[in-house]
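FYI, it's all coordinate maths here, none of it is from the lab. What you are looking at is a predicted structure, and each value in this text was computed from that prediction instead of being measured. Ideal geometry is used to build each Cβ from the backbone, glycine not excepted, and the neighbour counts take in all protein chains shown.
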Amino acid sequence: MRRRTAAGATAVALTLTCVAAPSARAESPSPNVNAKWPSPGANVSDWKKEKPLPISGAPVSLQPDAGRHPLVVVENDQEKGGKSFTIPADVLFDTDSAKLSGNANANLNEVVSKLKAASVTGQVKIIGHTDDTGSKAHNLSLSKQRAQAVDTALYDKLRSSGITLKSSGVGEKDPLVKNDSAAHRARNRRVAIVYNTSSTNTSSDDQYDISVPLTQPATKPSGVPPATGAIASGVRDLSVDNETVKLRLNVLGLTKQDGLIRADVQTEVLSQPGTNTYSGIYDLFTGSTDPISGGQIKALLYDAGKKQQLEPLITGKGDQVADIGDSGDGESYGTGGLRPGYIYFPAPTTGATKLSLYVPAFGSFENLPVK
Amino acid sequence: MWRAVTRGTRTRLAVLGLAGAVAAMAVSTTGCSLLSGGGGADPGTSGRPKIEMGADGHVKGAIATATTPYQGYKVQVDVVSLTRYDKVTRLVFVVKPLSAGADTTDDLDGTTFGGDSLSGGNLTGVELLDTKNLKDYVPLTAGSGDKTYCACSTIDSSSGFPLDQPTTLYADYPAVPDSVDEVTVVLPKVGPIPHVKVSS
C-alpha cells in the first residue's frame with residue numbers, strides 16, 4: 001500500500017492538447033509495444049480513435065512527518081493470570097526511572113484501543129516486572145512504582161469503560177525468559193496489562209495473523225547456504241493449507257537518500273512441498289493472510305534507542321515486496337526465485353546511524369547500519 | 001487468493017484528475033507549442049530514439065543501468081535518457097529480461113515493468129522520485145475516468161516481454177524543475193535506480 005499525501009492546490013499542474021506525431025519509421029524491437037511514439041507531452045494513448053485528449057499530471061508531495069511516530073510496542077502476550085497486552089519497560093521509561101517518558105502516551109493509547117477492541121470489562125491488572133540486574137528489593141520497588149505510573153495514566157483514558165484497574169509490582173520474580181542475555185533481560189523488563197475477556201470467540205483477525213512481535217529478533221537461517229549480498233537474513237516456516245513453506249527474507253541494506261531511507265530486501269522460497277508454488281509474499285509484509293482486509297504493509301523501520309518508528313512512505317504498490325498481481329504465470333514462483341523489494345521510509349529525526357527493520361512475518365532485524 | 005490490484009492508483013488518479021481540472025481552468029495550451037522555446041532536443045518526428053546495443057549487452061550510451069535477479073531470471077534496465085522539455089520530462093529506457101541460462105522460452109508478463117495497468121498504457125508504475133524535494137512523479141495521464149490513458153508506451157500485456165530481447169519504452173512526466181539535477185527512477189520488479197541525471 002502506498003501512502004502519500006497529495007500536493008496542495010499550489011502544485012504544478014499542466015494541461016496540454018496536442019496532436020500526435022506522425023507514425024514511426026523504425027520497427028519496434030518487440031512486437032508487443034507500440035512503435036509509434038508521440039512528441040514529448042503530446043497526446044498519446046487513445047490510438048484507436050486518434051483523438052487528442054488533454055494531458056495532465058502533477059508531482060505528488062511526500063509527507064515524511066506523517067510517517068514518523070513514537071515507537072509503539074504493545075504485544076499480545078500470555079502472563080500469569082490471563083491474557084496480556086505487554087509493553088517493554090524500555091519503551092515507557094528511562095533506565096531505572098518510574099517517570100513515564102515521551103513515548104508512553106502513544107503506547108498507552110494503543111493499550112486502550114486494544115482493550116476496547118477486545119471488549120474487556122471488569123478488573124484489569126497492571127503488573128510491573130524488572131530483569132535481575134540490581135538488588136531484589138530495589139527491583140520490587142521500581143516495578144511497583146512503574147505499575148502505579150501506568151495505572152495513573154490509564155485511569156483517565158479508561159473512564160466509563162467498565163474497567164477497574166489494580167496495579168502491582170513483582171520485581172524480578174516472574175521472568176518471561178531466562179535472564180541470560182541483554183535481549184532476554186530487555187524482554188523481561190516490562191509492564192503487563194493483564195485482562196480477562198468474557199468473549200470466547202477469537203477475533204476474526206487471529207486466524208489470518210502470521211505476524212510475530214516486534215520485540216522478537218528474526219530467526220537466523222541455519223543449514224542453508226548464506227544469501228549473497230545480504231547484511232541480515234531471517235527464515236520463517238509458514239503453514240499454508242497444512243503444508244510447510246520455508247521462506248527467507250534477506251535485507252540487502254539500508255541506504256539514506258536525502259530525507260528518506262531505502263530498505264532493500266529480497267524474498268525467497270527455500271522449500272515448499274510438492275508442486276505447489278507459494279504466492280503469499282505480500283502477506284509477509286502485512287502480517288495477515290486475510291484475503292479481504294490484509295492489505296496494509298506493516299513493516300517498520302525503528303530507532304530502538306531514541307524510540308522513534310518510521311512507517312513506509314513508498315513501497316511500489318507492494319509489487320516490490322510481493323508477488324501481488326493477477327493469476328498470470330509470472331506471479332507465483334518456485335523454489336530459488338529471488339524477488340527483490342524495496343521500501344522507502346522517512347529518515348529518522350534522531351540522526352541514528354543504526355536502525356532496526358521489522359517485517360511482520362519474520363520479526364526484527366536489529367541494529368542495521370545505514371549507508 | 002488474489003486481491004484486486006488497485007492499491008493507491010485510483011486515489012492517485014483522482015488526485016491527478018482534480019489537479020488537472022484546476023489547471024485546465026487556468027492554462028490551456030494547444031498544438032505542440034510546448035516543445036518550442038523550452039530547450040531540449042527535438043526527438044524527431046517519431047519521437048522514438050534509435051537504440052544500439054553494445055557488445056556487453058547494454059544499450060550504448062546508457063546513462064544508468066540496473067540488473068536485478070527476479071524469479072530465476074534477471075531483469076536488466078538501461079536508462080537511455082531523461083530529458084527535460086518545456087513542460088514535460090521524458091524517460092526513455094530499455095528493458096531486457098535475461099534468461100540467465102535458464103532453459104526456457106518463457107516471457108515475462110506484460111505488466112512486469114509497469115506495475116498497475118491502465119487501458120492503453122502499462123507504465124503507470126514507473127516513477128521519478130526526487131528525494132531532495134520529496135516529490136514523486138507519476139506519468140502524465142490523458143482523459144479521465146474509465147477513459148484514462150497513461151502518457152507512456154502501450155504494451156500488449158497478453159504477449160509479455162520476450163527473454164533476451166531489448167524493448168524500448170518511454171513515459172512522460174510533469175516537468176522536473178530546473179534546479180533538480182538528478183532523480184531516482186523507480187521501476188517495478190527492478191527497484192529504484194538512484195542518481196539518474198536529468199538533461200535539458
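Brief remarks on what is shown
- Annotation: average projected area of the stretch A:66-195 is 7.9 square nanometres, based on the convex hull of Cα atoms across all directions.
- Under 14 Å, Cβ to Cβ, from A:P348 - net charge with Lys/Arg +1 and Asp/Glu -1: +2
- Cα shape, the stretch A:147-303, gyration tensor, a/c 1.5 rule: prolate
- With both labels modelled 7 Å from their Cα along Cα-to-Cβ, the A:Q63 to B:S200 distance reads 3.3 nm.
- For the pair A:D241 and A:K99 in one chain, pulling the backbone fully straight at 0.36 nm per residue adds 46.3 nm over the alpha carbon distance.
- FRET E, pair A:D132, B:T65, Förster distance 51 Å, beta-carbon r, rounded to 0.05: 0.40
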